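A quick write-up on the structure given underneath.
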Amino acid sequence: MRKLLLLCAALAVLLVGWRPAPKEPEGLALVRVLGVDGRGPVTATAVCGGTDQEDPSRGQCAAGDFTGTLERLPWSGEEELSLTSVSDLIVGRDVALEDVLLTALRNEKLGASAAVWLAEEGAASLLAQCRDPASALELIRRRGVEAPTVVEALAALYGGEGLCLPLLTGGADGPVLVDWEEWRAAA
């Protein structure tokens, strides 16, 4: 009887310590490029994937402000979208840039390291023309163009230095660098 009791206790200890290995949720798509247009309503366009995906997932939604848009964005595509891998933030000329940058900085998923680009005809229009904008932007970076990060852009706005953003337009193979443009807040 004593041996059976010890065996049961040992088995209970083993079972308490056993946990199944955590799995990544199926159907979760990682957003690589996020486009933002408008002051209110604010529209966000998300493009997922990269070089290994044949058809990157996309999503688009709008809300009264950028915070509300970010809350709705994960459920705006065919798959659930995750904002933990955003490497590029493309903004239209009509955004409230300071609000977008502050929200991105405060958002624990987005963070401060995404590069900030300016879309000549608007972010949604630019991203609609391109199948894989993340790869096109990476090619621009490899040519020596360094867009400011969210935190660098915000520091330039607050420091009064003037903020210059790389200006993009749509090309046959994705976004194309046109020039650099000084940020001017929309009226």
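The values are calculated or read from the model by the stated rules, or taken from the named source; none is laboratory data. Because the structure is a prediction, the values reported are computed rather than measured. FYI the Cβ positions are ideal-geometry reconstructions off the backbone, even for glycines, and counts take in every protein chain you see. Ligands, DNA and RNA are excluded from the accessible area calculation, which covers all protein heavy atoms including side chains. Shrake-Rupley method; radii C 1.70, N 1.55, O 1.52, S 1.80 Å.
Taking the protein heavy atoms of the stretch 111-187 in the context of the full set of protein chains, the accessible area attributed to carbon and sulfur is 50 percent at 1.4 Å. Taken along its three principal axes, the alpha carbon spread of the stretch 32-109 comes to 34, 24, 20 Å, from the longest extent down to the shortest. Around the amide H of V178, modelled in the peptide plane, lie the amide H atoms of L167, L168, T169, all under 5 Å away and 5 or more residues distant in sequence or on another chain. One chain, two ends: E181 and L105. Fully extended at 0.36 nm per residue, the span grows by 25.1 nm beyond their Cα-Cα distance. Against the empirical 2.2 N^0.38 Å (N residues), the stretch 73-187 has a Cα radius of gyration ratio of 1.03.
Considering only G160, G174, A147, and ranking their Cα positions along the charge dipole of the stretch 124-187 that arises from unit charges at the beta-carbon of Lys, Arg, Asp and Glu, the one farthest toward the positive end is G174.
Give the residue list of trypsin sites (Lys or Arg not before Pro) in the stretch 103-187 that are DSSP loop and have at most 12 other beta-carbon atoms within 10 angstrom.
Passing sites in the stretch 103-187 are R143, R184.
Applied to the stretch 164-179, the Karplus parametrisation 6.51 cos²θ - 1.76 cosθ + 1.60 on θ = phi - 60° returns per-residue 3J(HN,Hα) values of 10, 10, x, 8, 10, 9, x, x, 4, 10, x, x, 10, 6, 8, 5 Hz, with x for Gly and Pro. Projected label points at S85 and S113, each 7 Å from Cα along the beta carbon direction, are separated by 1.4 nanometres. Counting only the backbone N, which residues of the stretch 83-125 are under 17 Å from the spot 7 Å out from the Cα of R142 toward its beta-carbon? Of the residues in the stretch 83-125, none has backbone N under 17 Å from the label point off R142.
When only the Cβ of Lys, Arg, Asp and Glu is charged (+1, +1, -1, -1), the dipole of the stretch 63-159 relative to its Cα centre reaches about 280 debye.
Extending 7 Å from the Cα toward the beta-carbon at both R131 and W75 defines two label points whose distance is 3.2 nm. In the stretch 76-117, how does Rg compare with the Kirkwood Rh, expressed as the Rg/Rh ratio over alpha carbon atoms? Result for the stretch 76-117 is an Rg/Rh of 0.99.
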